[in-house]
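**Student:** Submitted below is the structure of interest, expressed as structure tokens.
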Number of protein chains: 2
Amino acid sequence: VTEKRTDAAFEQALQEIGAKHYHHLHPFHRLLHSGQLSQTQVQAWALNRYYYQSRIPQKDALLLARLPDAEDRRAWRQRLLDHDGERASDGGIARWLRLAEGVGLERQYVESTAGVLPATRFAVDAYVNFVRDRSLLEAVASSLTEMFSPGIIAERVAGMLAHYHFVSPQTLDYFNARLTQAPRDANFALNYVKTHARNFEEQNAVLAALRFKCDVLWAQLDALYGAYVQPGQVPHGAFMDAGPMASVS
Amino acid sequence: VTEKRTDAAFEQALQEIGAKHYHHLHPFHRLLHSGQLSQTQVQAWALNRYYYQSRIPQKDALLLARLPDAEDRRAWRQRLLDHDGERASDGGIARWLRLAEGVGLERQYVESTAGVLPATRFAVDAYVNFVRDRSLLEAVASSLTEMFSPGIIAERVAGMLAHYHFVSPQTLDYFNARLTQAPRDANFALNYVKTHARNFEEQNAVLAALRFKCDVLWAQLDALYGAYVQPGQVPHGAFMDAGPMASVS
């Protein structure tokens, strides 16, 4: 009796989820990468994704807190370093803030997260709670979207530099670091789920966790698309809400 | 020194939030109530709102668990009864399932929540987590949207009966019960926050909790609008996804 997929079949199943559900397929990304967005729309993307970036170290600390093995904890600790940096001026969050400033946003407004779409907040918080509340295996598995990020990063950097006059290589510095960090992290997580998923059921839980994470990323772009590409559905108080309720707290 | 708003000023501030941010203003509701949606779009609304309905008793049990006063717990317990009923055939969730069947959905599909939009799930779960994690005062305050529901229910029932051939008074039975339950519940919660908010800061926390809840309701309609009114943004695997990825788990 086969009790679990082979490693190759398991990895293939993970790759298929990425090929079909990762957010590289989302129309908002197609517009972003091919230069079809206005500067304001690019700002909306940078502003909302800041909320995601800002919660990643908290997510990683929750996961680290659950790892019983010191070696695993040391490996995972690198993620905290990558995002929070050694000092205020480096690390992924600092680089994302420079990206946001680079496309014309005020740093203080971005850091306040005041103009973030509620749907962005709900999706990102769902991710953090998933990592806190689900099995450790599922929590690790939810990070596996990094398997697919080098492809989208290459496309994004080339596309944005070619199409937007307000985007410089320095502005996109964040992604350079990710090109080496993401594969290293994905490799660790992939080995972890291969080792720790002991049967079909646990492998299925890993696949479902990856699919969940794809939904988290996809929903953030749906929210951006609905509010800033399709006309007129900016929620009250969010970035660029100019309706009669704009000034209401 | 005035240390808190008068009851009248506080209630006025709550009413203003409702007047400006409650989901009666959302374009999806305007379409729903004026007969401008297809039966499929009405189904999408019923299906997604089922997820909200189904989580309300869990939300109320989390809140009840936090109430130190037996009298308050007894009052709040009525909500569990209203939603879960005395037996499988009554209560708000059973009535909502009849509404969903009434507009042409299969009960089992609705109960599975398989076709629910991820953004619906994220918003509703954010509400449940808010009630679990925030101060008890904020948790109670987040239910205050019921202050505004009789108005929208009256408009909805009249509008849907007038415009949709597939909607009968029996289908909308859910809302009849809510017309008496919601004001009773809102009255309890309003008295609670008036009594327990001891200063401006706590009153502000109450106002922010109500605003948060308005965002939770609004975001659910944004998701419906983006997926089912605007063309083509149905997330993979959600209700009516007919794209090439429809059959993928």
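The values are calculated or read from the model by the stated rules, or taken from the named source; none is laboratory data. Just so it is clear, the model here is predicted, and its values are computed rather than measured. So basically every Cβ, Gly included, is an ideal-geometry build from the backbone, and we count neighbours across all protein chains shown. In case anyone asks, the SASA skips ligands and DNA or RNA and just uses the protein heavy atoms, side chains included. Shrake-Rupley method; radii C 1.70, N 1.55, O 1.52, S 1.80 Å.
**Student:** What nm distances, shortest first, do you get from the label point of B:Pro68 to those in the other copies when the point sits 7 angstrom along Cα to Cβ?
**Tutor:** 3.8
**Student:** Could you size up the charge dipole of the stretch A:74-169 around its Cα centre, putting +1 on the beta carbon of Lys and Arg and -1 on that of Asp and Glu, and report it in debye to the nearest 20?
**Tutor:** Working: 11 positive and 12 negative charges, 27 e Å.
I would put it at about 120 debye.
**Student:** Holding the Cα-Cα limit at 24 Å, pick out from A:Lys59/B:Lys20; A:Lys20/B:Lys59; A:Lys59/A:Lys213; A:Lys213/B:Lys20; B:Lys4/B:Lys59; A:Lys20/A:Lys213 the pairs that are longer than that. Please list the in-between numbers first.
**Tutor:** Working: A:Lys59/B:Lys20 34 Å; A:Lys20/B:Lys59 34 Å; A:Lys59/A:Lys213 13 Å; A:Lys213/B:Lys20 33 Å; B:Lys4/B:Lys59 29 Å; A:Lys20/A:Lys213 13 Å.
Too far apart for the 24 Å limit: A:Lys59/B:Lys20; A:Lys20/B:Lys59; A:Lys213/B:Lys20; B:Lys4/B:Lys59.
**Student:** Something else: Based on the alpha-carbon gyration tensor of the stretch B:143-241 and its eigenvalue square roots a ≥ b ≥ c, which shape applies: rounded if a/c is under 1.5, prolate if not and a/b is larger than b/c, or oblate? Display every interim value, and only then the final one.
**Tutor:** Working: a/c = 3.43, a/b = 1.45, b/c = 2.36.
Judged from the Cα gyration tensor, the stretch B:143-241 comes out oblate (a/c at least 1.5, b/c at or above a/b).
**Student:** Which residues in the stretch A:183-214 place their backbone N less than 18 Å from a point set 7 Å from the Cα of A:Asp69 along the Cα-to-Cβ direction?
**Tutor:** Backbone N within reach: A:184-199, A:202-203, A:206.
**Student:** I would also like to ask the following. Could you provide, to the nearest whole Å², the per residue accessible area of the protein assembly as shown with probe 1.4 Å?
**Tutor:** 42 Å²
**Student:** Does anything in the stretch B:33-51 have its amide N under 16 Å from the 7 Å Cα→Cβ label point of B:Ala162, and if so which residues?
**Tutor:** Counting backbone N atoms under 16 Å from the label point, the list is B:33-37.
**Student:** Residue by residue through the stretch A:191-204, what is 3J(HN,Hα) from phi via Karplus (6.51 cos²θ - 1.76 cosθ + 1.60, θ = phi - 60°)? Round to whole Hz and write x for glycine and proline.
**Tutor:** Result, rounded to whole Hz: 4, 4, 6, 5, 6, 8, 7, 8, 8, 4, 4, 6, 5, 5.
**Student:** Quick one: dipole size for the stretch B:1-76, taken about the Cα centre, charges +1 on Lys/Arg Cβ and -1 on Asp/Glu Cβ, in debye to the nearest 20. Numbers along the way, then the final one.
**Tutor:** Working: 10 positive and 8 negative charges, 75 e Å.
Around 360 debye, computed over the stretch B:1-76.
**Student:** Can you work out the Karplus-derived ³J(HN,Hα) for every residue in the stretch A:101-111? Use 6.51 cos²θ - 1.76 cosθ + 1.60 with θ = phi - 60°, whole Hz, and x for glycine or proline.
**Tutor:** 5, x, 8, x, 8, 7, 4, 5, 5, 4, 4
**Student:** Over chain B, with a Gaussian network built from C-alpha contacts below 10 Å, which listed residue (B:Ala88, B:Ala205, B:Ala100) shows the highest mean-square fluctuation?
**Tutor:** B:Ala88
**Student:** Hey, if we sort B:Glu138, A:Glu86, A:Glu101 by accessible area with the 1.4 Å probe, largest down, what's the order?
**Tutor:** Numbers: B:Glu138 30, A:Glu86 130, A:Glu101 80 Å².
The ranking, largest first, comes out as A:Glu86, A:Glu101, B:Glu138.
**Student:** In addition: Take the alpha-carbon centre of the stretch A:12-30, take the same for the stretch A:67-97, and report the distance between them in whole Å.
**Tutor:** Between the Cα centres of the stretch A:12-30 and the stretch A:67-97 lies a distance of 26 Å.
**Student:** Provide the solvent-accessible area of A:Met147, counting protein heavy atoms only and rolling a 1.4 Å probe, rounded to the nearest 10 Å².
**Tutor:** Ignoring ligands and nucleic acids, A:Met147 comes out at about 40 Å².
**Student:** Stretched out fully, how many nm does the piece from B:Ala154 to B:Arg107 gain, at 0.36 nm a residue minus the Cα gap? Could you put the intermediate results ahead of the total?
**Tutor:** Numbers: separation 47, 0.36 × 47 = 16.92 nm, distance 2.58 nm.
So the extension gain works out to 14.3 nm.
**Student:** Also: Chain B: longest stretch without exposed trypsin sites (Lys or Arg not before Pro) (DSSP loop, at most 12 other Cβ within 10 Å), sites themselves excluded?
**Tutor:** Working: sites that count: B:Arg87, B:Arg198.
It works out to B:88-197.
**Student:** For A:Ser38 and B:Glu11, FRET efficiency with R0 = 45 Å and r from the beta-carbon atoms, rounded to 0.05? Before the final figure, lay out the partial values.
**Tutor:** Numbers: r = 42 Å, r/R0 = 0.94.
Calculated value: 0.60.
**Student:** Then there's this: Dipole size in debye (nearest 20) for the stretch B:8-125 around its Cα centre, Lys and Arg Cβ +1, Asp and Glu Cβ -1?
**Tutor:** On the way: 15 positive and 14 negative charges, 41 e Å.
In total the dipole reaches around 200 debye.
**Student:** Step through the residues of the stretch B:72-79 one at a time and calculate ³J(HN,Hα) from phi using the Karplus curve (6.51 cos²θ - 1.76 cosθ + 1.60, θ = phi - 60°), rounding each to whole Hz and writing x for Gly and Pro.
**Tutor:** Values, residue by residue: 5, 4, 4, 4, 5, 4, 4, 5 Hz.
**Student:** Still on this structure, please answer the following. Among A:Asp84, A:Asp185, A:Asp133, whose mean-square fluctuation peaks in a Gaussian network model of chain A (Cα, cutoff 10 Å)?
**Tutor:** Highest fluctuation of the listed residues: A:Asp133.
**Student:** So, one more: Going out from 0 in 10 Å bins, what whole percent of all Cα-Cα distances in the protein assembly as shown drops into each bin?
**Tutor:** Reading upward from the zero bin: 4, 18, 28, 27, 17, 7, 0, 0.
**Student:** Please state, to two decimals, what the Cα-based radius of gyration of the stretch A:26-147 comes to when divided by 2.2 N^0.38 Å (N = residues). The partial results should precede the final answer.
**Tutor:** On the way: Rg = 15.7 Å, N = 122, 2.2 N^0.38 = 13.7 Å.
Cα-based Rg divided by the globular estimate yields 1.15.
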